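The values are calculated or read from the model by the stated rules, or taken from the named source; none is laboratory data. All of these numbers come straight from a predicted model, not from anything done at the bench. Heads up, the Cβs are rebuilt from the backbone with ideal geometry, glycines too, and the neighbour counts pull from every protein chain shown. Just so you know, the surface numbers come from the protein's heavy atoms only, side chains and all, with ligands and any DNA or RNA stripped out. Shrake-Rupley method; radii C 1.70, N 1.55, O 1.52, S 1.80 Å.
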Amino acid sequence: TMRRSKFKISTATLVIGGLLTLGILSEPALSGTFSEDLREGLPGRRISGGSRSPNTTCRADSNQPVVALIPENNLGLTLTDRPTLWFSLPAISPDRSLEFGLFNQAGDLLYQKSLKPPAEAGLTHLTLPETDEPLQAEQDYRWYLSVVCNPESRSEDLFVTGWIRRVQPTHDIEQQLATGTQQEHLALYKEKNAWLDALTTLGKLRREDPTDTVLSQDWNSLLAAVNLTQASTIPIGELLEYRIDPQGAQMP
């Protein structure tokens, strides 16, 4: 089962303290429906800033940030109980680590895992674990991904953070997803604003056929629509995958 603890006693206290200072762990202001206007954002950070310590080298290219591939309102909608999050990561020093954490709407830390950083810059996607506590419908979950530059000074982390909301699909949508093609699923996810699912489906299609120029243009357009053009230029072939199990082991 997922490990549950209040975030105030987490080992990432300094990181989370920084999120509180930025207002990122405040309560969400939106309800969970497809039809609402999502221009009103939630507090978050989808592009990391620079490390506060000039003596700490986390990245091979100090000008390349960590980027979370999420909409500008920092909220990713999903129809699945175990969605996938996408990131653009710089090359990170091998003696550093990544840390991922997820909170429920009540502020409980559901799990927190340490991951090996990528040796080369590229796209990364991280799938939430297969556990007996899937994401609940109409709930907002807060997540963060940090590059731990200095374990003794977590304020130096390079981090991004945002929200996931699972929306319960209608019976008609469930039928369409059970019988349709991947292309039809993609069109449905776009129609329903299910960003995380649309991005993941399009990413899988591109991996299956990296020479398809229509898919490439669709990918670029999807990211450009949320002002993430810098991430759209990264070749999908450089994709790295993380899948986290409940015990915290990193799975390729």
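For the stretch 127-146, filtering for residues that are at pLDDT below 90 and under 30 Å from Thr233 (Cα atoms) leaves 3. Each residue in the stretch 195-213 was checked for being touching a His at 6+ places or on another chain (Cβ under 8 Å) and loosely packed, with under 12 Cβ neighbours inside 10 Å, and 0 of them qualify.
In the stretch 78-97, of all residues being of a type in the set (Ser, Thr, Tyr) and open to solvent by 10 Å² or more (accessible area, probe 1.4 Å), the one that is farthest from Asn63 (Cα to Cα) corresponds to Thr80.
The set of residues in the stretch 130-155 being surrounded by fewer than 16 Cβ atoms within 10 Å (Cβ to Cβ) and touching a helix residue (DSSP H, G or I) at 6+ places or on another chain (Cβ under 7 Å) consists of Ser155 alone. Checked against (1) surrounded by fewer than 18 Cβ atoms within 10 Å (Cβ to Cβ); (2) over 15 Å from the mean Cα position of the chain (by Cα); (3) at negative phi, Thr127 passes all but condition (2).
Note on the stretch 207-252: residues that are modelled with pLDDT under 80 and in a loop (DSSP other than H, G, I, E, B) amount to 10.
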